[in-house]
1. Please tell me if B:His179 is away from chain A (no Cβ under 14 Å), of a type outside the set (Ser, Thr, Tyr) and either touching a residue at least 12 places away in the same chain (Cβ under 8 Å) or out of contact with any helix residue (DSSP H, G or I) (no Cβ under 6 Å at 6 or more places or on another chain) (or both).
2. Taking region B:1-16 as the search range and keeping residues that are out of contact with any Gly (no Cβ under 7 Å at 6 or more places or on another chain) and open to solvent by less than 60 Å² (accessible area, probe 1.4 Å), which one is nearest to B:Gln110 (Cα to Cα)?
3. In region B:188-211, what count of residues is obtained for those that are in contact with a strand residue (DSSP E or B) (Cβ under 7 Å, 6 or more places away or on another chain) and within 13 Å of chain A (Cβ to nearest Cβ)?
4. What pairs can you find where one residue is in region A:182-198 and on the phi < 0 side of the Ramachandran plot, the other is of a type in the set (Asp, Glu) and open to solvent by 20 Å² or more (accessible area, probe 1.4 Å), and their Cβ atoms are less than 6 Å apart, with a gap of 6+ or different chains?
5. Pairs under 6 Å by beta carbon, first residue more than 11 Å from chain B (Cβ to nearest Cβ) in region A:226-252, partner open to solvent by less than 10 Å² (accessible area, probe 1.4 Å) and in a loop (DSSP other than H, G, I, E, B), six or more apart or different chains?
6. Can you tell me which residues in region B:76-85 are buried (at least 24 other Cβ atoms within 10 Å of the Cβ), in contact with a strand residue (DSSP E or B) (Cβ under 7 Å, 6 or more places away or on another chain) and under 19 Å from B:Val139 (Cβ atoms)?
7. Out of region A:134-176, which residues are without any contact (Cβ under 8 Å) to a residue 12 or more places away in the chain and either in contact with a helix residue (DSSP H, G or I) (Cβ under 9 Å, 6 or more places away or on another chain) or over 14 Å from A:Gly206 (Cβ atoms) (or both)?
There are 2 protein chains.
Amino acid sequence: MARLDWTADAVRNGGVYERGCAIERQGQVIPGVVWYPAASSGPRPLVLLGHGGSGHKRNERMVLLGQMFAGDYGWYAAAIDGPVHGERGPVSDANEPAYRQMWQRPEAVQEMIDDWKATLEALSTLSALDSTRVGYWGVSMGTMFGLPYVASDPRVRVAVLGKAGMSGPSVQRSGIDTHFKTFAPRVTVPVLFVMQWDDERFDREGQLELFDQLGAQDKRLHAYPGQHADNGPESFEVAADFLKRYLEPIEA
Amino acid sequence: MARLDWTADAVRNGGVYERGCAIERQGQVIPGVVWYPAASSGPRPLVLLGHGGSGHKRNERMVLLGQMFAGDYGWYAAAIDGPVHGERGPVSDANEPAYRQMWQRPEAVQEMIDDWKATLEALSTLSALDSTRVGYWGVSMGTMFGLPYVASDPRVRVAVLGKAGMSGPSVQRSGIDTHFKTFAPRVTVPVLFVMQWDDERFDREGQLELFDQLGAQDKRLHAYPGQHADNGPESFEVAADFLKRYLEPIEA
């Protein structure tokens, strides 16, 4: 049984609280952060946020999305540090040896699946959170770990994935294509897959192939010009609207 | 100078008026239809709607979009019959010889460009319409004619195109790839390109290639599973939201 411990007081920013936490799983501690609306009415959906390679649970993108999902949509959002990232350091640059070594441990993906499962289990104890309406958002390393996780946890009902694929320099370094081959057909929840048309880390063909292999009947690919670190002008807003359609369906 | 003549009284459906019209261009008459909001405050944007092969200006998709754009967004929308379609018949099935013959006339694309230019010129005389905020929506044949048009009329500021490409059975029949090669690099306004992943008329590779050749810096590709006639569950709503971002930009 995973346990949630708050590690800090909640800090308010506008209409959003951000609060540090730790999830305990079999004696291991997973550092996390939760964003939630200051004013809430009834149990709210949750979006799990997977950060990219060399990032961490509170990097700029995570904070931006946590603030947006909690502030603009009234949802809970949560991020955890990836293995050897953030408080689980030492990686702060994907060129560091520790990053490559992380991928050479064959159990790394399964451990992160288990970390996310424990995180969701621990968060589900919060009464203001509706654990039947859970989404996942994560691209790049957030998909390298997140796609296997989404495929493995039926409590996740909808996912934004992308900026990853079956070929390219980041695949050669990580060997993630083996995991994608296993898990992509098992992703059956609605998916938005985002990609950059000129991605230098995961090539175009390999990203299209990964989209093709997703088992979901209900999936869509959004592609924008630009390289790996670029983003379409409306891409975050569109991803949030996509999640909303499934986390807050309009009643007939 | 193109002239707009109303050919019927306006018919009200909910909050939307639909009214038949005719645009005269150099002695030729182009049959059209306009949708507009019953209640309007100030000049409204306009979206030109290009129907698909074997369709016509009032087919189900045109009416659905005209009603949505006028009713839900408060815009003007207008459709015209394509050559040998609708009131310019006789085509009501893309397998008819007249459809193939249409594409064998080398001037067909330029004539439709001129028809759309005349239509916009005629509609611009309406004082309730803001002719500086004009978008185009058209897929399949609506892109085969519409992409060259959008590339040729700087008054069009944003476009939804797609379900078309550089290869596949519909390209062999129409020879449209020649026109796409010429006009795609000249499309420089923001574009949403939609495609079906398993399109049997325009193949996947050829659609990706057409997206690649669009000259716009600001473009995005949305792909959904399914064949040519299928559509993503949220695709029309997403297209409308896309148009809205450019036709009604949020002031800073």
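The values are calculated or read from the model by the stated rules, or taken from the named source; none is laboratory data. Because the structure is a prediction, the values reported are computed rather than measured. Ideal geometry is used to build each Cβ from the backbone, glycine not excepted, and the neighbour counts take in all protein chains shown. The protein model used for the area step is the full one, side chains on, heavy atoms only, and it has no ligands, DNA or RNA in it. Shrake-Rupley method; radii C 1.70, N 1.55, O 1.52, S 1.80 Å.
1. The answer is yes for B:His179.
2. Filtering first and then ranking leaves B:Ala2.
3. Number satisfying all stated conditions: 10.
4. Sorted first by the residue in region A:182-198, then by its partner, the pairs are A:Pro190/A:Asp218; A:Gln196/A:Asp230.
5. No pair meets every condition.
6. B:Ala77, B:Ala78, B:Ala79, B:Ile80, B:His85, listed by residue number.
7. Hit for region A:134-176 is A:Pro154, nothing else.
Per-residue answers, yes or no, for (1) crowded, with 23+ Cβ neighbours inside 10 Å; (2) under 18 Å from B:Val109 (Cα atoms):
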position: B:Met166; (1), (2): no, yes
position: B:Thr178; (1), (2): no, yes
position: B:Phe183; (1), (2): no, yes
position: B:Leu192; (1), (2): yes, no
position: B:Gln196; (1), (2): yes, no
position: B:Arg204; (1), (2): no, no
position: B:Leu210; (1), (2): yes, yes
